[in-house]
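This report refers to the structure that appears directly beneath it.
The values are calculated or read from the model by the stated rules, or taken from the named source; none is laboratory data. Please read all numbers here as calculations on a predicted model, not as lab measurements. No Cβ is skipped: glycine too gets one built from the backbone with ideal geometry, and neighbour counts run over all protein chains shown.
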Amino acid sequence: MSGEGLAESGGQRFGYIVDRMPHGSGQGGRQGTYIVRNADTGTHHSFMYADIVTEGFRTIRTGERVRFLEAPEDSEHACYVIRLDLPEIEDYYQ
């Protein structure tokens, strides 16, 4: 599906990561499921690490702010998740 179709279904959302379930969580036993809370509505959306848009490692920590889209086929699923608070490299590996 194109990015245009996703934008038409509701546009970008902002939120923060509230939980991470690293093993066997989510529908179908997905691994690496994250939970983001929508800052405007308070609703929660789940996503997998593969939904994180980045170069390099796809890791997000609890409390980080993100921008995302609601998946058109499932409003409880977030997609195209982008980190807004990128850490300094030196601080990240301490």
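Here are the numbers:
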{"quantity": "Only one of GLY32, GLY15, GLY26 that is crowded, with 16+ Cβ neighbours inside 10 Å, modelled with pLDDT of 95 or more and not hydrophobic (A, V, I, L, M, F, W, C)", "calculated": "GLY15"}
{"quantity": "Subset of region 38-75 (residues that are part of a strand (DSSP E or B), over 14 Å from VAL18 (Cβ atoms) and of a type outside the set (Gly, Ala, Ser))", "calculated": "MET48, ILE52, ARG67, LEU69, GLU70, ASP74"}
{"quantity": "Selected residue (criterion: modelled with the highest pLDDT) from residues of region 38-57 that are crowded, with 16+ Cβ neighbours inside 10 Å and within 10 Å of the chain's Cα centre (by Cα)", "calculated": "HIS45"}
